[in-house]
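The structure appears right after this line, and notes come after that.
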Amino acid sequence: MSEHFITLTITISDRPGGTTSGGTMGVKKKPATVLTDDLKAISELCELVNGCWVPTVSGRVPCRVHGDDRPVGDLPTVAPHRWVWTVAQGFTRDPGPLVHVRRECSTARCCNPKHLFATTSDGVRLSKAEFKDHMKELGTIPTPSERLNSGVAVAEKTGQGVAVVRQSLDDVMAHCRVSKSGCWIPNAASQYACRMDDDTSTPDELPRMGLHRWSWLVANAHSPTELPSTHVHVRRTCSTRKCCNPQHLYAASPDGHALTVNEIRQVKDCASTSLRKSPSKLGGHPSASIQSDNDAYLRSVLMF
């Protein structure tokens, strides 16, 4: 029986996109799409369909304002329609979770600013003046020159990888996803390390708590040391497990009694007295005798 041999010739190419001389396929990485604060430039990154701007990318996109030279990986990310609406109103930061940006057209993902409008989380339409007032409350100067300097791009973490969340509802929201019912659902199941604005502690030294508790404290201008978790619980009015939307939260005693503003104030006064009498540093534990007196007082105040 005769044998037949086939000779196979392989050509090695050094051209971009071809096979390298080492035999490894050279693949060029496509640069990430970045939205700027220039509406014309944004429109050029979209497909125009019956007057609608349909982005060629999906999901949250890195956003860069003029003069920001940070690497793409350090830029905050925002949904295109929210970014376009905000820029069109003269701002360059996300308006936060209490403002929704909706469409008047029926084109999914359209981000033509003429087709967009803002509402509260429960669907009440906001006028441009009301939107600007909301942005002022967030500390944003209402001029086009205001630059985006917040977001989730640079994530601070403890040595064990626990995320740090700052004293801001925007920052709380950055660690959540929002359900159709308006619930804020944390991205992580564990507790978070929480940093007050004036706290210079290292991440590992920060107090840790559930994000729903921190969200309620921030929304109501309380600090963790003012309201001990042993006496003031934070509960939900909604049925969504882990929700931390402050509009769905309330303070309660351990037995479930909803606390009034006056009762919360009394707890704060007692906690403040405890810290003043305690020989330990701020945030430490008071002596056993002082703690016993405080517990008795709190039981009488909160009726448990």
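Bear in mind that the values in this text are calculations on the coordinates, not laboratory data. These numbers were taken from a predicted model, which means no experiment stands behind them. Neighbour counts are summed over all protein chains in view; Cβ atoms, including those assigned to glycine, are modelled from backbone coordinates with ideal geometry.
Could you check the spin-label model distance between Lys40 and Lys242? Points 7 Å from the Cα along Cα→Cβ, value in nm.
Label at Lys40, label at Lys242, 4.6 nm between them.
Using the Karplus curve 6.51 cos²θ - 1.76 cosθ + 1.60 with θ = phi - 60°, work out ³J(HN,Hα) for each residue of the stretch 201-215 in order, rounded to whole Hz, and write x for Gly and Pro.
5, 6, x, 6, 8, 6, x, 10, 6, x, 5, 5, 5, 4, 4
Spin-label point model (7 Å from Cα, Cβ direction): what's the Thr120 to Val57 distance in nm?
3.4 nm
If you count, for each residue, the other Cβ atoms within 10 Å and average over each peptide, how do 165-176, 77-88 line up from highest to lowest? List each step's numbers first, then the result.
Numbers: 165-176: 20.4, 77-88: 21.9.
Result, highest mean Cβ count within 10 Å first: 77-88, 165-176.
How much length is gained on full extension from Glu156 to Arg235, taking 0.36 nm per residue of separation minus their Cα-Cα distance?
Working: separation 79, 0.36 × 79 = 28.44 nm, distance 2.72 nm.
Gain on stretching Glu156 to Arg235: 25.7 nm.
Starting from the amide H of Trp53, placed 1.01 Å from N in the peptide plane, find each other amide H under 5 Å away whose residue is 5 or more places distant or on another chain.
Sorted by chain and number, the residues that satisfy this are Cys111, Asn112.
Gap in Å between the Cα centre of the stretch 43-112 and the Cα centre of the stretch 220-242?
The two parts, judged by their Cα centres, are 34 Å apart.
Calculate the spin-label point distance for Ser168 paired with His66, positioning each point 7 Å from the Cα along the beta-carbon direction, and give it in nanometres.
Modelled inter-label distance: 2.3 nm.
By how many nm would the segment from Met196 to Asn220 grow when fully extended, if each residue of separation counts as 0.36 nm and the alpha-carbon distance is taken off?
Working: separation 24, 0.36 × 24 = 8.64 nm, distance 1.34 nm.
In short, 7.3 nm is gained.
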